[in-house]
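Reading through the structure tokens given below for one structure.
The values are calculated or read from the model by the stated rules, or taken from the named source; none is laboratory data. Keep in mind the model is a prediction, meaning the values are calculated, not measured. Using ideal geometry, Cβ is built from the backbone for each residue, glycine included, and neighbour counts are taken over all protein chains shown. Heavy atoms of the whole protein, side chains included, go into the accessibility calculation; ligands, DNA and RNA do not. Shrake-Rupley method; radii C 1.70, N 1.55, O 1.52, S 1.80 Å.
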Amino acid sequence: MIKKTNVLSGTWRESSHGEKFQHGHMALTDLRDGHELGCGAFRVDPGKRAFPKHAHLANDEAIYVVAGSGELTIGDESTQLVAGDFVLLPSGVDFAHVLVNNTDEELVYLCMSTMNAPEVVHYPDSGKLGVLESAREWSASSISGFYRPQKVGYYDGEE
């Protein structure tokens, strides 16, 4: 069975937080269909970003800009992306990234990802880690969530 979604006319789920974060999201893949490719469309208003700067430790990501433009920062390096641009975002802390709509027009992009689990996401600006046990959702278990790590010894608490 062919499953088809049109990012130009489909239904968006809206989300926002504070002054910086806003996006519309449209899921384009569903892991319950028995594959391991994640893809979603994101629509970001001028002056906003969908997510904080982050680095995936278990998954590679890629961004393809459908419409508009925005500034992508990877580590300390920034570049302007425009419609038609594709960027690979490898896993690892050296590839912490954020895409900001720094224009007066809406930014629409596809975000594709391998969907390896468990996943740990590093947020360098806030010093927290996101832990995802299942590739399907953040709330899949009691250990999935967001944490501020405190370094301890390997045998700490194991007496």
Accessible carbon and sulfur surface of segment 14-79 relative to its total accessible area, %, 1.4 Å: 47 percent
Projected label distance in nm at L88 and S9, using a 7 Å step from Cα toward the beta-carbon: 3.5 nm
Peptides 152-158, 91-97, 53-59 ordered by average Cβ neighbours within 10 Å, highest first: 53-59, 91-97, 152-158
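Accessible area, 1.4 Å probe, largest first: how do I143, I74 sort? Mind showing how you got there, number by number?
Numbers: I143 95, I74 45 Å².
Most to least solvent-accessible, the answer reads I143, I74.
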Per-residue ³J(HN,Hα) for segment 68-77, Karplus 6.51 cos²θ - 1.76 cosθ + 1.60, θ = phi - 60°, Hz, x for Gly and Pro: x, 7, x, 9, 9, 10, 10, x, 9, 9
Surface per residue (accessible, 1.4 Å probe) for segment 9-140, Å²: 53 Å²
Percent RCO, i.e. relative contact order, over the chain, from Cα pairs under 8 Å lying at least 6 residues apart: 21 percent
Alpha-carbon Debye profile of segment 1-80, log10 I(q)/I(0) at 0.17, 0.20 Å⁻¹: -0.86, -1.15
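Tally Lys and Arg at +1 and Asp and Glu at -1 over the other residues with C-beta under 11 Å from the C-beta of H25: what net charge comes out?
Working: positive: R13, R43; negative: E14.
Charge balance in the 11 Å sphere: +1.
Classify segment 43-159: rounded, prolate or oblate, from the alpha-carbon gyration tensor (a ≥ b ≥ c, eigenvalue square roots; a/c under 1.5 rounded; otherwise prolate if a/b is larger than b/c)?
Since a/c reaches 1.5 and a/b is larger than b/c, the shape of segment 43-159 is classed as prolate.
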Cβ-derived FRET efficiency at R0 25 Å, R32 paired with S126, nearest 0.05: 0.20
